Amino acid sequence: MTEAQRIISTDTETPDNDNTLEGYLWCASCGIVELDEIQLNKCPACDLVQYCSNECQREHKPQHKRACEKRAAELREEILFKQPEDSHLGDCPICLLPLPLDCRKSRIMSCCYKKVCNGCAYANDIRELKESLEHTCPFCRRPFPRSETEANMNVMKRVKVNDPAAIRGKGIRCYEQGDYVSAFAYLTKAAEVVDDADAHDQLGSMYRKGKGVEKDTNKAVYHWEQAAIRGHPISRYNLALLDMSNGRFKRATKHWLISA
């Protein structure tokens, strides 16, 4: 028997959220200490306790469930109300400056599906005009599509290679055309692939309105929270409206302060 196997906690009054023993970490279920070849893994939901095996985690679940759910909710609130470092749009891939929230001040290139700020697009237009060049994408330099059909073909090429931005864009286009079933499929894929904020925002609206899916406010809140965490101001505004309607004025104010 190894030293780690001999060190077992005998204190049955130890709180569920404190499984340390004289500087050691120990399994919250069987009490074995993390030492030598014994490695413990934290509870993935709350990080309060550690387990030596999946079996111990399953056995301890009834005892730990209440504290786990409480701590997981606290962690979720901390993440939700943390000021995002930047917006969900990210930076222009050319000048590397933050993309403006006003969608009229940037444009999406169908060839590569990159969102480029109007400044960089304008600079490219001037360069092409001065040098009598063919009109091309300012990012990938491919020729601009000559028709909407060609532009749609470009988008589908990006969709086929699992470009999350193109998948989300296709989903939003389907939604605008009233094809809610296809929109839901595309948007769900974009949300799952890279946690795309715009995809989460649109899914939240679909669940809230019941378009293409069964109306479900809880799922709408989940998707809006996912988008808000990633810096989406509209999703955070929607969360504030929901909190206001439910009398949670302090939460609503927090959302509005962050989105402002």
Sort Lys105, Lys82 by heavy-atom solvent-accessible area, probe 1.4 angstrom, most to least. Lys82, Lys105
A student applying the Cα gyration tensor rule (rounded when a/c is under 1.5; otherwise prolate if a/b is larger than b/c, oblate if not) would label the range 127-260 prolate
Taking the Cα atoms only, what angle lies between the long axis of helix 118-131 and the longest principal axis of the chain, rounded to 10 degrees? 40
With all protein chains modelled, accessible area of Lys115 [1.4 Å, Å²]: 60
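Checking the table Lys42/Lys65; Lys114/Lys157; Lys160/Lys189; Lys105/Lys130; Lys114/Lys209 against a 18 Å threshold on Cα-Cα, which pairs fail?
Lys105/Lys130; Lys114/Lys209
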Placing unit charges on C-beta atoms (Lys and Arg positive, Asp and Glu negative, everything else neutral), compute the dipole magnitude of the chain about its Cα centre in debye, rounded to 20. 1540
Could you please state, rounded to a whole Å, how far the C-alpha centre of the range 75-120 is from the C-alpha centre of the range 208-239? 19
Does the range 25-100 come out rounded, prolate or oblate by the C-alpha gyration tensor, with a ≥ b ≥ c the root eigenvalues, rounded set by a/c under 1.5 and, if not, prolate when a/b is larger than b/c and oblate if not? prolate
Can you bin the range 172-236 into rounded, prolate or oblate? Criterion: square roots of the alpha carbon gyration tensor eigenvalues sorted a ≥ b ≥ c, rounded for a/c under 1.5, prolate for a/b above b/c, oblate for the rest. oblate
Roll a 1.4 Å probe over the protein heavy atoms and report the accessible area of Glu74 in Å², nearest 10. 80
Show me, for the range 109-116, the HN-Hα J-couplings you get by feeding each phi into the Karplus relation (A = 6.51, B = -1.76, C = 1.60, θ = phi - 60°), rounded to Hz, glycine and proline as x. 8, 5, 5, 10, 6, 9, 8, 10
Starting from the exponent 0.38 and prefactor 2.2 Å, build the expected Rg for the range 28-165 from its residue count and divide its actual Cα Rg by it. 1.80
What distance in nm separates the two pseudo spin-label positions at His135 and Leu241, each 7 Å out from Cα along the beta-carbon direction? 3.7
In nm, give the distance between the simple-model label positions of Val181 and Lys219, each being 7 Å from the Cα along the Cα-to-Cβ direction. 1.6
Quick calc, Asn41 & Gln63: beta-carbon distance into FRET formula, R0 25 Å, rounding 0.05, result 0.90
Run the 1.4 Å probe and let me know the accessible area of Tyr237, rounded to the nearest 10 Å². 110
Given a 1.4 Å probe and every protein chain left where it sits, what share in percent of the accessible area of the chain is carbon and sulfur? 51
Which of Asp102, Asp163, Asp179 ends up with the largest GNM mean-square fluctuation for the chain, with Cα atoms connected below 10 Å? Asp102
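The values are calculated or read from the model by the stated rules, or taken from the named source; none is laboratory data. The model shown is predicted, which means the values in this text are computed figures rather than measured ones. Quick reminder, even Gly has a Cβ in these numbers, built from the backbone with ideal geometry, and neighbours come from all protein chains shown. These accessible areas exclude ligands, DNA and RNA; they are computed on the full protein's heavy atoms, side chains included. Shrake-Rupley method; radii C 1.70, N 1.55, O 1.52, S 1.80 Å.
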